[in-house]
Every structure is written in C-alpha cells, then in structure tokens.
Amino acid sequence: MAYLDHAATTPMLDEALAAYVATAREVGNASSLHATGRRARRRVEESRERVAAVLGARPSEVIFTGGGTESDNLAVKGVFWARRAARPDRVRVVSSAVEHHAVLDAVDWLADHEGAEVSWLPTDAAGKLDPALLRAELSAHADRVAVVTAMWANNEVGTVQPVAELAAVAAEHGVPFHTDAVQAVGQVPVDFAASGVSALTVTGHKLGGPTGVGALLLARDVAATPLLHGGGQERDVRSGTLDTAGIVAFAVAVETAVKGQQEYAARVAALRDDLVRRVREAVPEVVFNGDPDDRLPGNAHFSFPGCEGDALLLLLDAQGIACSTGSACSAGVAQPSHVLLAMGADHDRARSSLRFTLGHTSTPADVDALIAALPTAVDRARRAAALRTPR
Amino acid sequence: MKVLAAMSGGVDSAVAAARAVDAGHDVTGVHLALSRNPQTFRTGARGCCTLEDSRDARRAADVIGIPFYVWDMAERFHADVVDDFVAEYAAGRTPNPCLRCNEKIKFAAVLDRAVALGFDAVVTGHHARLGPDGLLRRSVDLAKDQSYVLAVLTRAQLDRAVFPLGDATKAEVRAEAARRDLAVAEKPDSHDICFIADGDTRGFLAGRLGETPGKVVDASTGAVVGSHTGAYAYTVGQRRGLHLDRPAPDGRPRYVLSITPKTNTVTVGPAEALEVSLVRATRPVWTGGDLPDTPIGCEVQLRAHGDVVPATVRVDGDGLTAELRRPVRGVAAGQAVVAYRPDPAGDVVLGSATITG
Ligand SMILES: Cc1ncc(COP(=O)(O)O)c(C=O)c1O
C-alpha cells in the first residue's frame, strides 16, 4: 500500500493522537464554571496560545472551528456580511479562479443569494496570481470591495501564491484579505502577522491533527458576522461547545508541524523530486503542472496525455497506490478540474491529470511502488481513452 | 478472472457482484452515470440513474468489500440509447431502450473500456443463465427472465459477460441480499424507462419531437375518425388513449394498426386486422449454434414479456423471417424477434433480429 494522497488527509502524528486520547478521557466543558470546566478551559487556552505562538498570531486572534470548510465560510461570508452591514455599497468580493470549493462555493453563494458582485482573478499557466491584477482591481473598485480571498497554496497543483504581496496590496486599499492556508501550514513557512493577511484558514487533518478541527486566525480589527449562533464561545463569532480533545490534539499537531517544517520540507521535497524525475523517465510525454519553484514540497501533479485520470486512478488503486484526480465530483461524476481549466488547460488535459502528494509518513518505497505500476497503467488507460470516439 | 460489476444501485446487481466475489473473481464495482444532469433526478425519480441509486450502489460495494467507481457514460447513453429511442419513435417504430442499452452501452462502451483497462468480463444482475456451454438461457424465474433484452448480444459480447443470477428467483435474490446485509434487499424494482423519470413517455416524446397534429384514419373505410398530436406517440396494438370521434360501425373496439410518419397518420381497425403470421426482421444475431442455412422450427418471442409462439425461422443474409404457427396481435416494428429452442435446462436463445414488419 503506497499512500500518495497526503493532501487529501494525512495520518495523525503520534503525539497528537496521544494528546487526543489523554484529553478525551477527561470530562469537562470549557464554558463551565467549576473545577472540571476550568481544567478544560485551561487546555483550550493553552492550545490557543500554542497555535498562536507558532503561527505568528496573538492568542485572541485564534478562533477554533470545525475545520477548513467552516473557517473559509466564516471568513468569506462573515467578513462580507460585517463589511456590508457597515457600508451597504460594499458588495464586491475578489477571489481567485483556483480556490478550493470551500471558498469558491461560498463566494458563489454570496453572488447567488446576497447580491454580491464577484471579481475572479485569473492565474498564469502555473496557477499563480499576479499582485498587479489585484492592484488594478482594487484601484478601480476598492471602496466597493467587502473582502479579498486568495489561497496561500493550491491543493491540486501545489502552487504557492505570493500571499504577502497580495496582502500588502489589499492593505494599501484598506480591504481585508483572507487566505486559505490549509495546504500551506507545516509545508511552507506561514506567519500570520508577517504575511499581513487579516484572516487565515488552517485545518487539523492536513498536518497530522484530527479531522473536524481547525481555526480561523482573525485580526482583532476585522469583524465577522457569525455563521453559527449560540453560546458565543469563540469571541462571539463562533458558537458551539468546544471540542477540548480535538483542539488540544490540533494544537500539538500545528506546533509539531510548524516547528519541523524546514526539515520536513527538505526531506519530502527530495522524495518528491525523485518521484517527478522517475515519472518523467517512465512516461516521457507527461506534462508537469504547477509552478516548478514556488510549490508545496510534497506535491507532484501531472497530465498524462491520451489518458483519463479516472482510469489511471482505478488501475493504480488496484495496485495498492492511492492518489487523486484532484477533480471535484458533481453527483458522483468527476468534473474536469476548475484549477487546470483556469490555468489554461483544455478539457482533455484537465481530465488526464493525476495528483501525487507525499507527507510525513512517505518513504522511497512508496515512490518505487508507483513507478513499478505506472507504465502498465498508462498503457491501459491510453487504450481505454482511445475508445472514447464512438465507433 | 478480473471482472467489472455494473452496479445500478438495485438489489440484483448488488447480489450479482457479491456472487462474483464468492465465485473467486477479482471484482471491481462500477456505477454508470447515465443522466446528463443527475441532480435533476435527486429525489422521487424511479429511474436507474439517480444520485440515490449511485449512493446505494456505493454502499453495497462497501458492504461486499470491493472497489467502487462511477463511470460517466452519459454522452454515449444519450447518443446511442436516448436519441435512438426518439428517432425510432419518430420513424413510427417502437424501440426497446433496455435492449439497446445492453447492446451499445453495458456490453459495448463499458465492456470495451473494461477490457482495455485489463478486465476479462462484465458482470451484471440480469436474470438470465449463461453457462460454461456459452449458451444464453432463460432465468429459472420466468416472470423476471431478461434473456429477451440480452438476445441482441453477439458471441463476442456473451463471451465476456457473466450473469450470476440466472439460477435464482427474484425472491431468492432478495433473501440473499438480506442475508448479506445489503440495504437494497427491500428496494423496489424499477419498471420504468430510466431516462423518463415520471413514466410519461408520450410527454417525453412531445418534448423532444414537438406536437404535430394529424389524422386518425379507419383502415377499411379510409374515413377520418379522430385526430392526434403526433403519430410518433402511438404503438401498434394500442387501444387506449385513441380519443376517436366516432365509434366503429360494428361498435367493436379499434386498435392502432399502423403508423405512417411520412403523412403523420395513425391507422386504426379491428383486432383481427392486427393479426400477423409472418414477421420480417433485419440484422440477425445468432448465438445459439451455427447460423442455420435451412428453415428451423423453434419458438419466438416478439416483445419483452410477450407470448411465446411456435414458428419456422429462416435466416437469409441480413434478413430473418419467422412464420408463426398461430397469428399474433400487435407486432411492432423496432422490437426484437427472439428465437428460442425449448430446453428443460432453460430455453436457449438461438438468435434475434429487429422487426421491420
Ligand atoms: C485548500 C483547502 N481548503 C479547504 C479545505 C477543507 O478543509 P476541511 O476538510 O478541514 O473542511 C481543504 C481540504 O479538503 C483544502 O485543501
């Protein structure tokens, strides 16, 4: 079994799992006033401080959530609502064409249901955003813009965006800037304050923590209207009894991942480079997608001309190799990736794509297994794709 | 063998996949997404390509413990089955889309793709027997027998087909599904044409072909006895829904005798006029032995779940004729004539052809 899908989710770190189990054995609602509640609260607040410390934020800027999707929705909708409430003509949302669906669909929802006007920033062929285009957009419309949202690193092709430059442009125009850093934290250096962003999404299960726990880092001066109403546990922006064990394990994972980032990135990037070189040798026609330099260390993304990614995935899966087509499913049917299309790929190339992502448990044996299985899989997938033209 | 199990989300295909695993095959489950817009069939649809069906199929595959994928076959399905269905009606014929789907999708597009990907065969939950002798036979459950809609398959197609349910009745399949903890054990059968979710074939055709008013004419007198909004919506043998202005002189019911698309005319007449003793057909497929060069005595079936009649069948190049020993009413062009050889071990499909008249 070669698990080459760490960008989908990565195994929990031992220390995070141990912290989870130990904390989950304890009773305690962090909102309770008695000793048991105080103990839970201390665990949550210590966790908040740990997350803040390694991500360059103040503890009060850390809002625990139910993961990346919730943080993205809270940032996009919550900041939109709050900014529009302050000034009704702020109805514009600026986003990028390569966002994760958690941002993309939240923005689309605002357009469909809240009358938001949306400006989608294009990318270059490597999936990279150009700060000059954001500057042009904001020079023309800054007073109407409620929020700018652009991801730190792309989950499909691994391209890392010039986030600090983008955030600086937004700051020049006094517009809050949110970034989805789900794929970035633990992979590349991420510092909330230094980056200049106003809001940042992070989730546990992509960095060795539990699934269903994450955070939105939200600058103190940025207001967000809640998505969830209730006890107001998190700065009155997010309600719901806190998942003490999940939060503790999340904090341990964030801390471990961020502190080990440099060493991790060097090791995994070397393995990834080896994978890329050997895939190119095995299948010379492959097209390598994404930015070759500004790239997540564990990400390798290819188009296999004349193949369908779906077919390759099935064939590799049968050989015990787990990877991803990166494309979202609409009603169970794979759609060509909006990221590849935004990068200028045609439908065939988008459909021929496959993503291999390495992580903290990856070994050279995983790469060996892939290279052993790939040529036959490509050959068969090509024969299957050739049948697509009706006879 | 490495086999691909087509899983519709129903009980039959789930049990078929499980039986293929028990038989020692290396099984991969695939649900065919046939609708161009699955979301529109989200709830309440009775077809076989809804989102719920896809989930049911996936759940069954998980319980059986096999890999599962969704294959998008919507484009091919629409070109080869739906458009063909509409074109056949427009030409005054009565197609059988399940048969066409087997011929063009399950045992062509899907099978070819499976073979290219390294699979040896396709498994389906059809109720029909296909043994080591390579002969296609009726299911033991005659009420559920689907050999008619499989009779179009060629030798090459049958050689790569596996039908694990032929020796089981529907009741046995359901009981087995329950024993195997498959949640679809109690799922109702789908009866309708899967791409016409509300069962309104006439409405579907009107949507595709538009309404073209025309005349209903009496066969013996030539008199106009009614009107219609499109001749394509009628089937030979149909009695209901004719809305005739005038009763027949003899007061007996009248039936559709023929449809003439060129003049958009529906011709009606008495039941006896429907009787046919000679059936002509085209594009014969023969899998139950060598192609006969002399007339052979056998039984024929002229529509799904239709009566079986003794006949003498002749195959001549691209044509086939069946002389029926007793006349049959309501033989529609576009349906298949399937020849069977009676056999105590299950009637054997000899061959089939598409009825032209
Ligand atoms: C870039 C990005 N944003 C958001 C998410 C969603 O995060 P979660 O799974 O925690 O809801 C993911 C992961 O699926 C992701 O890759």
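No lab work stands behind these numbers, since they all come straight from the coordinates. Since the structure is predicted, the reported quantities are computational estimates derived from the model, not experimental observations. Because the Cβ atoms are built from the backbone with ideal geometry, glycine has one as well, and the counts that use them run over all protein chains shown.
Per-structure values
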{"read-out": "Axial C-alpha extent at least 18 Å, average Kyte-Doolittle at least 0.5 - helices from chain A (DSSP)", "value": "A:244-259"}
{"read-out": "5 Å-binned pair-distance histogram of region B:211-273 (Cα, whole percent)", "value": "4, 21, 37, 26, 10, 3, 0"}
{"read-out": "Among beta bridges that DSSP assigns inside region B:1-154, antiparallel share in %, nearest 5", "value": "20 percent"}
{"read-out": "A:ARG25 versus B:GLU172: modelled label distance in nm, points set 7 Å from Cα along the beta carbon direction", "value": "5.5 nm"}
{"read-out": "Kirkwood hydrodynamic radius over Cα pairs of region B:44-117, then Stokes diffusion coefficient at 10 °C and 1.306 mPa s, in µm²/s", "value": "113 µm²/s"}
{"read-out": "Charge context of B:ARG239, other residues only, Cβ under 13 angstrom, K/R +1, D/E -1", "value": "+4"}
{"read-out": "Chain A - share of DSSP beta bridges that are antiparallel (%, nearest 5)", "value": "55 percent"}
{"read-out": "Rounded to 10°, Cα long-axis angle of helix B:11-22 versus longest principal axis of chain B", "value": "40 degrees"}
{"read-out": "Cβ charges +1 (Lys, Arg) and -1 (Asp, Glu), total dipole of region A:50-153, debye", "value": "460 debye"}
{"read-out": "Chain A - percent relative contact order, Cα under 8 Å, separation 6 or more", "value": "23 percent"}
{"read-out": "Approximate shape of chain A as ellipsoid semi-axes (Cα gyration tensor, √5λ), whole Å, largest first", "value": "35, 27, 18"}
{"read-out": "Computed over region A:118-218, Kirkwood Rh from alpha-carbon pairs, angstrom", "value": "14.0 Å"}
{"read-out": "Ranked A:ARG349, B:ARG59, criterion: other C-beta atoms within 10 Å, fewest first", "value": "B:ARG59, A:ARG349"}
{"read-out": "Ratio of Rg to Rh over the protein assembly as shown (Cα coordinates, Kirkwood Rh, two decimals)", "value": "1.08"}
{"read-out": "Distance (nanometres) between label positions extended 7 Å along Cα→Cβ at A:ALA171 and A:GLU45", "value": "3.0 nm"}
{"read-out": "Positive-pole candidate from A:VAL182, A:GLN262, A:PHE304, dipole of chain A, charges at beta carbon", "value": "A:VAL182"}
{"read-out": "Translational D in µm²/s for region A:13-117 (Stokes-Einstein at 4 °C, 1.567 mPa s, Kirkwood Rh from C-alpha pairs)", "value": "78 µm²/s"}
{"read-out": "Rounded to 10°, Cα long-axis angle of helix B:170-179 versus longest principal axis of chain B", "value": "30 degrees"}
{"read-out": "Cα-only radius of gyration and Dmax that characterise chain B, units Å", "value": "21.3, 67"}
{"read-out": "Förster radius 56 Å - calculated FRET efficiency between A:ASP274 and B:ARG179 (Cβ-Cβ, nearest 0.05)", "value": "0.70"}
{"read-out": "Residue-averaged [θ]222 nm for chain A, counting only DSSP H segments that reach four residues, each worth -39500 (n - 2.57)", "value": "-13000 deg cm²/dmol"}
{"read-out": "Angle between chain B longest axis and helix B:51-64 axis [Cα atoms, degrees, rounded to 10]", "value": "40 degrees"}
{"read-out": "Under-21-angstrom lysine pairs by C-alpha in chain B, whenever the two are 8 or more apart or on separate chains", "value": "6"}
{"read-out": "Charge dipole (chain B, unit charges on Cβ, about Cα centre) - positive-most of B:VAL21, B:GLY357, B:TRP71", "value": "B:GLY357"}
{"read-out": "Net charge dipole size for region B:274-355 [Lys, Arg +1 and Asp, Glu -1 on Cβ; Debye, nearest 20]", "value": "260 debye"}
{"read-out": "For chain B, size of Cβ-based charge dipole, Lys and Arg +1, Asp and Glu -1, in debye", "value": "600 debye"}
{"read-out": "Alpha-carbon radius of gyration plus Dmax, which is the widest Cα pair, for region A:1-67 in Å", "value": "15.1, 49"}
{"read-out": "Inter-site label distance for B:THR154 and A:HIS347 at 7 Å from Cα along Cβ, in nm", "value": "2.8 nm"}
{"read-out": "Beta bridge orientation in region B:211-273: antiparallel %, DSSP, nearest 5", "value": "75 percent"}
{"read-out": "Selection from A:PRO131, B:VAL328, A:VAL79, by position along the positive dipole direction of the protein assembly as shown (Cβ)", "value": "B:VAL328"}
